[in-house]
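Student: I'd like to ask you about the structure that follows.
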């Protein structure tokens, strides 16, 4: 199996787990935040849902300026799920255009036109797209736990299952 196919399979598998977590988000708590410095539940869930496509788009060029990330607040769980579906489809479409050799080519992040990081693109996909996505999904499970919402199993049963 190619590196590209491996990434598509992982994207699909992890999208299912992310969907399970987002489906548990209580709509009445979208504005809740565990700490004044934390994102609200609605911001975190919408950010998590939007990561796959947005990051695949960023990684689709060999050089990108570090972006400023807006953090809008979701109005509903249906909105978050819709964004997740759109962004996973967009990410899959972009990833499928990559060839294994293109994933080994250098990718550069710049800040004010200065290179701050250069690695093979696949390392950025692994770190920024996938690991970053899982990190925020994990944060969502902590928010759910703090709100006393049963946490779904992701890599096996949770304490609630």
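Student: Listed residues 110, 68, 48; which is under 16 Å from residue 128 (Cβ atoms) and touching a helix residue (DSSP H, G or I) at 6+ places or on another chain (Cβ under 6 Å)?
Tutor: Values: 110 fails: touching a helix residue (DSSP H, G or I) at 6+ places or on another chain (Cβ under 6 Å); 68 fails: touching a helix residue (DSSP H, G or I) at 6+ places or on another chain (Cβ under 6 Å).
Matching residue, one of 110, 68, 48: 48.
Student: Being outside any loop (DSSP other than H, G, I, E, B), surrounded by 15 or more Cβ atoms within 10 Å (Cβ to Cβ), at pLDDT below 95 and within 16 Å of the chain's Cα centre (by Cα) is true for just one of 95, 80. Which residue is that?
Tutor: 95
Conditions tested, residue by residue: (1) in a loop (DSSP other than H, G, I, E, B); (2) in contact with a strand residue (DSSP E or B) (Cβ under 6 Å, 6 or more places away or on another chain); (3) within 22 Å of residue 33 (Cα to Cα); (4) at pLDDT 95 or above.
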{"residue": "68", "(1), (2), (3), (4)": "yes, no, yes, no"}
{"residue": "84", "(1), (2), (3), (4)": "no, no, yes, yes"}
{"residue": "87", "(1), (2), (3), (4)": "no, no, no, yes"}
{"residue": "125", "(1), (2), (3), (4)": "no, no, no, no"}
{"residue": "133", "(1), (2), (3), (4)": "no, no, yes, yes"}
{"residue": "139", "(1), (2), (3), (4)": "no, no, yes, yes"}
{"residue": "142", "(1), (2), (3), (4)": "no, no, yes, yes"}
{"residue": "148", "(1), (2), (3), (4)": "yes, no, yes, yes"}
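Student: Sticking with this structure for a sec: Does at least one position in segment 44-63 carry a residue that is touching a strand residue (DSSP E or B) at 6+ places or on another chain (Cβ under 6 Å), touching a residue at least 40 places away in the same chain (Cβ under 8 Å) and part of a strand (DSSP E or B)?
Tutor: Checking segment 44-63: at least one residue is touching a strand residue (DSSP E or B) at 6+ places or on another chain (Cβ under 6 Å), touching a residue at least 40 places away in the same chain (Cβ under 8 Å) and part of a strand (DSSP E or B).
Student: Additional query: Please verify whether residue 105 is more than 22 Å from residue 155 (Cβ to Cβ) and loosely packed, with under 14 Cβ neighbours inside 10 Å, treating the condition exactly as stated.
Tutor: Answer is yes for this residue.
The values are calculated or read from the model by the stated rules, or taken from the named source; none is laboratory data. Computed from a predicted model, the values in this text were never measured in an experiment. Neighbour counts are summed over all protein chains in view; Cβ atoms, including those assigned to glycine, are modelled from backbone coordinates with ideal geometry.
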